[in-house]
Amino acid sequence: SSGINAEYGGLLVWLLNQENFKGIGIDVKARKIWKTAFSSSVFIESFFDPKNWSVISEYNWLIGNHSDELTPWIPYVATMISYQCQFFVLPCCLWNFTEKYSRKDAILSSYQCYLKHIGAVINEFGFRSRMDTMKIPSTKRTCFVSSGRDYSDAEYKKRVDSALHIVRSHSSNNADTDCVARSKEIKIRNGTKIDKKLCKSIVDYTAELLTSNIDKTSTIWSAGDTISFPDLVHQIKQDISFQCA
């Protein structure tokens, strides 16, 4: 058995090859660990276009390990490669075939909705599969493992011919079939890269703002004032002295 793995990192690819399950790992951005710890010959730095599946047609197992934009495409690619090709997919970020996935059920969480969606897509492509929960340190640890098809080998060509129709049916305009290509440069959108001095300035400014009306001579404890985040942002923008600092 051999396979292709769309994975962040590379450890799984290396382990499988060490156990003689020959295959390759594809990632849109090379990882330093590829050269420092593993044999880099089994790793390919590239965006994998699922419609160009023929470049991996020799493989019979696909592993999508937190495969993000490729997640819904995994059963499509497995369908196109061969009747025998199987897959494992561990969904993470919420992507449909050609765009971000939008939650369809207000009762369920976004992640639960997405898992339900991916399960339905797998069924549409005619795969039998089961869900499992992995013992890994992640909140996104529900996976799907295929175990054959729900149609006969005689129907295979017909299923291949209709594969792109399934993709189109999930497109917002019922026409797009292009997988979203991720940039190599991943922008950090949380606060981990903000300058520490700026963070301290904001915290100190906020604390001063919330405690400015407290009577310092009173012995009665006061929780201070309250302010919403939008109002705080507005206050900071209006405060010339803070901007100059």
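The values are calculated or read from the model by the stated rules, or taken from the named source; none is laboratory data. Just so it is clear, the structure is predicted and the values come from calculations on it, not from any experiment. A quick note on method: Cβ atoms are made from the backbone with ideal geometry, for glycine too, and the neighbour counts reach across all protein chains shown. Surface areas here come from the heavy atoms of the whole protein model, side chains and all, with no ligands, DNA or RNA. Shrake-Rupley method; radii C 1.70, N 1.55, O 1.52, S 1.80 Å.
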Quiz prompt | Selection status of Pro91, closer than 19 Å to Asp150 by Cβ and either of a type in the set (Asp, Glu) or at pLDDT 90 or above (or both) | solution = no
Practice problem: Kindly indicate whether Leu198 is touching an Asp or Glu at 6+ places or on another chain (Cβ under 6 Å), more than 30 Å from Pro75 (Cβ to Cβ), hydrophobic (A, V, I, L, M, F, W, C) and modelled with pLDDT of 80 or more. | Solution: no
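Any residue that is under 16 Å from Arg182 (Cβ atoms) and free of Cβ contacts under 8 Å to residues at least 60 places away in the same chain - is there at least one of those in region 63-71?
Going through region 63-71, the residues under 16 Å from Arg182 (Cβ atoms) turn out to be 64-71.
From the residues that got through so far, the ones that are free of Cβ contacts under 8 Å to residues at least 60 places away in the same chain too are 64, 71.
Looking for residues that are under 16 Å from Arg182 (Cβ atoms) and free of Cβ contacts under 8 Å to residues at least 60 places away in the same chain, one finds at least one in region 63-71, hence yes.
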Quiz item: Looking at (1) without any contact (Cβ under 8 Å) to a residue 40 or more places away in the chain; (2) open to solvent by less than 100 Å² (accessible area, probe 1.4 Å); (3) within 30 Å of Phe88 (Cα to Cα), which is the one condition that is false for Asp204?
Solution: (3)
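Give the residues of region 15-41 that are part of a helix (DSSP H, G or I), modelled with pLDDT of 85 or more and surrounded by 14 or more Cβ atoms within 10 Å (Cβ to Cβ), sorted by residue number.
Step one: filter region 15-41 for residues part of a helix (DSSP H, G or I), giving 15-18, 32-36, 40-41.
So of that shortlist, the ones also modelled with pLDDT of 85 or more come out as 15-18.
Of everything in region 15-41, those that are part of a helix (DSSP H, G or I), modelled with pLDDT of 85 or more and surrounded by 14 or more Cβ atoms within 10 Å (Cβ to Cβ) turn out to be Leu16, Asn17.
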Exercise. Filter region 48-75 down to residues that are part of a helix (DSSP H, G or I) and under 17 Å from the mean Cα position of the chain (by Cα) and give me whichever is surrounded by the fewest Cβ atoms within 10 Å (Cβ to Cβ).
Key: Asp68
